[in-house]
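S.K.: Before I ask anything, here is the structure I am working with.
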Amino acid sequence: GLLAPFFWPTQRFDSLSIYSSIGVLAGTLRTTLGYRQSVMMAFPASRLSRNLLVRNLAARAYTRGADLPLLQASKLVVEKTESPKAIPAMEGLAFGAHFSDHMLVCDWDAKAGWHAPKITPFQNMSLSPASMVLHYAVECFEGMKAYKDAQGRIRLFRPDCNMQRLNKSMERLYLPQFDGAELTELIKELVKVDEAWVPDGEGFSLYLRPTVIGVDPFLGLQVVNQVKLFVFTCPVGPYYPTGFKPIKLLADDVNVRAWPGGVGASKVGGNYGPTIGPQMKAHENGCAQVLWLYPDGDDHLVTEVGAMNVFFVIQSKEDGKKTELITAPLTDGTILPGVTRRSVLELARNSGEFLVSERNLGLKEIAAAQREGRLLEAFGAGTAAVIAPIKSILYKGRDIDMPTGEVIGPVAKGFWDQLTDIHYGRVEHPWSVLVE
């Protein structure tokens with residue numbers, strides 16, 4: 001009975017159809033229950049059978065659509081606008097308010113696979129009111145930037161990492177996979193078409209938003225069979241137009257952004273909308289962002305800040321000569337594997353200056369380090385801000401102040417300098433990919 005809805009579209013009851021339907025069913029269940037629990041529900045037979053299915057379905061989940069036509073940059077069709085828009089002035093350029101002339105669109109369906117990708121004029125899309133994205137949040141996205149160096153060349157920062165993460169987010173939603181190198185080439189073509197929209201100057205960039213949505217016109221929770229992947233861009237100015245402004249955080253011990261086994265490690269839209277209310281509460285308390293926590297007995301573990309990963313710099317209690325750089329681990333699916341997070345960790349490890357720790361950190365430990373003079377600084381890390389220094393944390397009515405106060409700390413500033421040097425090509429680095 002559970003399998004019937006998955007057989008119906010083809011009316012094929014052969015062994016291949018049954019096996020494929022089993023994969024679809026278990027894949028649907030696992031989006032909310034995880035591999036092992038979903039297989040045990042669907043197949044309460046022998047332990048051996050369940051274990052074999054767990055391994056087989058885990059392998060299959062990464063390759064949905066692999067037997068259909070793949071995404072190919074060589075098939076790109078370009079339609080340029082006949083009515084180019086005025087490019088906004090750089091002064092006062094707001095984040096996410098102005099969109100360039102063109103967009104990239106790549107459609108997929110369960111019968112034809114990936115269609116020929118298209119670059120078209122930026123335009124509204126037509127969707128059925130019954131589209132699954134509007135009812136079941138079948139949506140994921142990425143955030144990237146293109147930078148212009150001193151020679152006028154355009155550079156992307158670690159696009160391979162964004163492609164890996166987007167594929168992982170799509171796998172979590174049981175959407176088809178794509179070749180990251182092919183999509184990167186398509187994004188390069190989009191940036192070249194709208195090259196005039198890439199602003200010039202320190203702190204300026206072209207923000208890129210790859211997005212994937214399920215567009216089946218169907219009311220009912222089922223596997224998505226029609227997908228639209230699109231990329232649009234917008235020029236953005238410096239996150240700190242008048243210099244660094246360290247922020248105050250509200251440590252939210254009521255709302256939880258993500259939890260073990262959930263979708264915190266995936267960049268799905270459903271992770272973000274529910275954070276708006278807590279963000280408004282933070283503003284009411286004189287704070288710029290929310291410090292997201294996870295309860296741990298009578299303590300609260302630090303997870304993320306706003307839509308960024310978060311780092312703390314603490315002098316080691318055992319060895320006062322060691323400076324520990326701490327961020328939450330990626331072990332249980334709670335934390336988003338940020339590209340800037342990954343870059344900071346790799347730079348820190350390569351420098352040899354820090355004891356680099358991906359571990360749980362509770363507010364009790366942070367407060368104790370502050371009282372003992374061992375709390376040195378803290379900062380957020382993400383694509384939009386790159387590095388966001390933190391000046392204090394409001395937790396249960398009390399402030400935990402950073403000794404750096406109203407200025408950026410030396411550790412955060414060091415990472416800012418290294419990352420922006422790579423962004424703008426001042427230092428040649430394999431993370432900086434030229435758009436040629």
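The values are calculated or read from the model by the stated rules, or taken from the named source; none is laboratory data. Note that the coordinates shown come from a computational prediction; the quantities given were computed from them, not determined experimentally. Reconstructed Cβ throughout: ideal geometry from the backbone, glycine too, with neighbour counts over all protein chains shown. Accessible surface is based on the protein model in full, side chains and every heavy atom, while ligands, DNA and RNA are left aside. Shrake-Rupley method; radii C 1.70, N 1.55, O 1.52, S 1.80 Å.
S.K.: Evaluate the following for N360: is it surrounded by fewer than 22 Cβ atoms within 10 Å (Cβ to Cβ), in contact (Cβ under 8 Å) with a residue 60 or more places away in the chain and not hydroxyl-bearing (S, T, Y)?
M.R.: yes
S.K.: Scan the range 207-231 for residues that are within 17 Å of the chain's Cα centre (by Cα) and either under 26 Å from D421 (Cα atoms) or among the aliphatic types (A, V, I, L, M) (or both) and jot them down.
M.R.: Result: Y207, L208, R209, P210, V212, I213, L229, V231.
S.K.: Test A368 against the stated conditions and say whether it is over 22 Å from I154 (Cα atoms), under 23 Å from the mean Cα position of the chain (by Cα) and in a helix (DSSP H, G or I).
M.R.: Answer is no for this residue.
S.K.: For L206, indicate whether it is touching a residue at least 24 places away in the same chain (Cβ under 8 Å), of a type outside the set (G, A, S), within 22 Å of Q72 (Cβ to Cβ) and not in a loop (DSSP other than H, G, I, E, B).
M.R.: It is false that L206 is touching a residue at least 24 places away in the same chain (Cβ under 8 Å), of a type outside the set (G, A, S), within 22 Å of Q72 (Cβ to Cβ) and not in a loop (DSSP other than H, G, I, E, B).
S.K.: Looking at the range 112-168, which of its residues are under 26 Å from T420 (Cα atoms), open to solvent by 80 Å² or more (accessible area, probe 1.4 Å) and part of a loop (DSSP other than H, G, I, E, B)?
M.R.: A150, Q151, R153, listed by residue number.
S.K.: Is it the case that some residue within the range 293-316 is part of a loop (DSSP other than H, G, I, E, B) and among the aromatic types (F, W, Y)?
M.R.: Checked against the condition, which is being part of a loop (DSSP other than H, G, I, E, B) and among the aromatic types (F, W, Y), the range 293-316 yields no hits at all.
S.K.: Identify, by number, the condition in (1) open to solvent by less than 10 Å² (accessible area, probe 1.4 Å); (2) of a type outside the set (S, T, N, Q); (3) in a strand (DSSP E or B) that L250 doesn't meet.
M.R.: Only one criterion in (1) open to solvent by less than 10 Å² (accessible area, probe 1.4 Å); (2) of a type outside the set (S, T, N, Q); (3) in a strand (DSSP E or B) is unmet by L250, namely (1).
S.K.: Exactly one of these conditions fails for G96: (1) over 30 Å from E428 (Cα atoms); (2) open to solvent by less than 70 Å² (accessible area, probe 1.4 Å). Give me its number.
M.R.: That leaves (1) as the condition not met.
S.K.: Among the numbered conditions (1) basic (K, R); (2) within 21 Å of the chain's Cα centre (by Cα); (3) open to solvent by 60 Å² or more (accessible area, probe 1.4 Å), tell me where K188 comes up short.
M.R.: (3)
S.K.: Among the residues of the range 219-229, count how many are open to solvent by 10 Å² or more (accessible area, probe 1.4 Å) and among the aliphatic types (A, V, I, L, M).
M.R.: 3
S.K.: Could you tell me which of the residues V290, V344 is assigned to a helix (DSSP H, G or I), aliphatic (A, V, I, L, M) and open to solvent by less than 10 Å² (accessible area, probe 1.4 Å)?
M.R.: V344 is the lone residue from the list that is assigned to a helix (DSSP H, G or I), aliphatic (A, V, I, L, M) and open to solvent by less than 10 Å² (accessible area, probe 1.4 Å).
S.K.: Looking at the range 418-433, which of its residues are within 22 Å of the chain's Cα centre (by Cα) and free of Cβ contacts under 8 Å to residues at least 12 places away in the same chain?
M.R.: Within the range 418-433, just P430 meets the criteria.
S.K.: Turning to a different aspect of this structure: Could you please let me know if F232 is farther than 26 Å from S100 by Cα and open to solvent by 40 Å² or more (accessible area, probe 1.4 Å)?
M.R.: In short, no.
S.K.: Taking the condition of being open to solvent by 10 Å² or more (accessible area, probe 1.4 Å) and over 17 Å from I119 (Cβ atoms), how many residues in the range 170-185 meet it?
M.R.: 8
S.K.: Let me ask something else about it. Could you tell me which of the residues K281, K228, K248 is closer than 30 Å to L190 by Cα and charged (D, E, K, R)?
M.R.: Only one candidate passes the filter, namely K228.
S.K.: Additional query: Mind telling me which of the residues D216, D194 ends up being surrounded by 21 or more Cβ atoms within 10 Å (Cβ to Cβ), in contact with a His (Cβ under 9 Å, 6 or more places away or on another chain) and of a type in the set (D, E)?
M.R.: Of D216, D194, the one residue that is surrounded by 21 or more Cβ atoms within 10 Å (Cβ to Cβ), in contact with a His (Cβ under 9 Å, 6 or more places away or on another chain) and of a type in the set (D, E) is D194.
S.K.: Take residues that are open to solvent by 10 Å² or more (accessible area, probe 1.4 Å) and tell me which of the strands (runs of 3 or more DSSP E) falling wholly in the range 373-426 contain 3 or more.
M.R.: Once the strands (runs of 3 or more DSSP E) in the range 373-426 are filtered for at least 3 residues that are open to solvent by 10 Å² or more (accessible area, probe 1.4 Å), what remains is 386-395, 398-401.
S.K.: Only one of (1) at positive phi; (2) touching a Ser or Thr at 6+ places or on another chain (Cβ under 6 Å) is not met by R158, so which one is it?
M.R.: (2)
S.K.: Next question. Checking G201 against (1) modelled with pLDDT under 95; (2) open to solvent by 30 Å² or more (accessible area, probe 1.4 Å), which single condition isn't satisfied?
M.R.: Unmet for G201, out of (1) modelled with pLDDT under 95; (2) open to solvent by 30 Å² or more (accessible area, probe 1.4 Å): (2).
S.K.: If you don't mind, there's one more thing I want to ask. Name the residue, out of L104, L70, that is in contact with a helix residue (DSSP H, G or I) (Cβ under 9 Å, 6 or more places away or on another chain), in a loop (DSSP other than H, G, I, E, B) and at pLDDT 95 or above.
M.R.: The unique qualifying residue is L70.
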